[in-house]
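These notes are about the structure you will find just below.
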Amino acid sequence: MEEFAGKKEEIKILVVDDVDTNRFVLRDIIREMGYDPVLAENGMQALRIVERIRPQLMILDIAMPGMDGNEVCRRMKENVETREIPIIFISAYDSPEDIVNGFNLGGEDYITKPFVPEVVKARLRLHLKLHHANHRLQETNRLLQKSVSEQLRQLELEKKNVLYALTRVARENACYDKDHMERLRVNCRMLAEAMQLTAQYDHLISDTFIDTLELAAPLCDLGNMAIPIDILQKKGALRAEELAVIRTHTTVGARILEDIRNTDDYNDFLQMSIDIAHYHHENWDGSGYPCGLRGDEIPLSAQIVSVVSAYCAITEQRVYRESYKGEEALQMMEAEAGKKFNPDIFRILRKTYRQLR
């Protein structure tokens, strides 16, 4: 079994002792073992060396003038960059409380004076093996975590692909333009970015919120896949019972998304998708469906999609009418601000509509 990663001469052992004799004895023992000794006369010098070379092991005298070994150990263990370096204390048994304190600070072992070369060698080999084993364990855990994260990412990607495929079916059933999902996605992002720059919304809209909204917005009409095509594509006015069927697309879409979401795992994308699908037809004044929410009872993501989807719908051709220009769409929507739409969000949309697709 290997004692360490790499060649022996690449393993650096830092010896910290204010007594020259002790440093030189330990230096010679380390050289006999084939390792590279690095010497320091005091605690401050040792900390500067550690910053530069990152030794695989440290031999540290407890009783030193100025900064003693316990203080060096404490600083090493508080630093995330150096806390994993094993520390072996040097002790003459004259101050056992210092030894105990050193262990409490994170020291791994101690070597007594006067030094017995074979004991020193055995201790050094043991802790180098442990250090290497710990390093390998950490690397294995890192690779395992990376593998698990990649599998989870792939699973989420597959979920999104399935949902987008179902949404394309819903779009085709409703005879929307083939670019409808892309326009809705891009325009929601643009509006949210404009809102993020305002004092009213900058604390509510983060970059992550915008990224998630861009992914979730096209799923707003997912429930249309469950609506009969003859109702979705009807050119004339809908009867009351047909309108009631159309309105179920909000609850149907939310239920599909709820079924896909893992009940034991909170997922920002799916939660926002559920909010959008369920509430994007709620009106600011409480006259919408399916729950009759009003004002900021409506999730912000759904408020944004409500405004943008209306703009996109008016500016796209439908089976029962031609498309309208952007200015015309805004004039038609103006009367609904404060009733159907959040008036502040509509105001921001109006200021930035020339950037929309």
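Annotations for the structure displayed:
- Taking every C-alpha pair closer than 8 Å and separated by at least 6 residues, the mean separation divided by the residue count of the range 263-357 gives a relative contact order of 24 percent.
- When nucleic acids and ligands are ignored and a 1.4 Å probe is applied, residue 212 ends up with an accessible area of around 20 Å².
- Couplings 3J(HN,Hα) of the range 27-41, computed from phi: 4, 5, 5, 5, 5, 4, 6, x, 9, 9, x, 10, 10, 9, 8 Hz, in residue order, whole Hz [Karplus 6.51 cos²θ - 1.76 cosθ + 1.60, θ = phi - 60°; x for Gly and Pro].
- Cα lying deepest toward the dipole's positive end in the chain, options 209, 257, 186, charges on Cβ: 186
- For the range 254-357, the spread of Cα positions along the three principal axes, ordered from largest to smallest, is 46, 28, 27 Å.
- Amide hydrogen neighbours beyond the local backbone of residue 64, cut-off 5 Å, H modeled: 69
- Counting 0.36 nm for each residue step from residue 294 to residue 344 and taking away their Cα separation leaves a gain of 16.6 nm.
- The order of the peptides 120-127, 276-283 by mean Cβ neighbours within 10 Å, most packed first, is 276-283, 120-127.
- Normalised by the number of residues in the chain, the mean separation of alpha-carbon contacts (under 8 Å, six or more apart) gives a relative contact order of 11 percent.
- Note that the chain presents 52 Å² accessible area per residue, ligands and nucleic acids not counted, probe 1.4 Å.
- Placing unit charges on the Cβ atoms only, positive for Lys and Arg and negative for Asp and Glu, gives the chain a dipole magnitude near 1220 debye about its Cα centre.
- For the pair residue 53 and residue 142 in one chain, pulling the backbone fully straight at 0.36 nm per residue adds 29.7 nm over the alpha carbon distance.
- Based on the convex hull around the alpha carbon atoms, the chain presents an average projected area of 26.1 nm².
- Highest mean packing comes first when the peptides 198-204, 309-315 are listed by Cβ atoms within 10 Å, giving 309-315, 198-204.
- Distance from the alpha carbon centroid of the range 277-335 to that of the range 49-125 works out to 68 angstrom.
- In nm, spacing of pseudo-spin labels at residue 133 and residue 200 (7 Å Cα→C-beta vector): 6.4 nm
The values are calculated or read from the model by the stated rules, or taken from the named source; none is laboratory data. Worth saying up front: this structure is predicted, and the values here are computed from it rather than measured. Methodologically, a virtual Cβ is constructed for each residue, glycine included, from the backbone with ideal geometry; neighbour enumeration extends over all protein chains shown. With ligands, DNA and RNA removed, areas are computed over all heavy atoms of the protein, side chains included. Shrake-Rupley method; radii C 1.70, N 1.55, O 1.52, S 1.80 Å.
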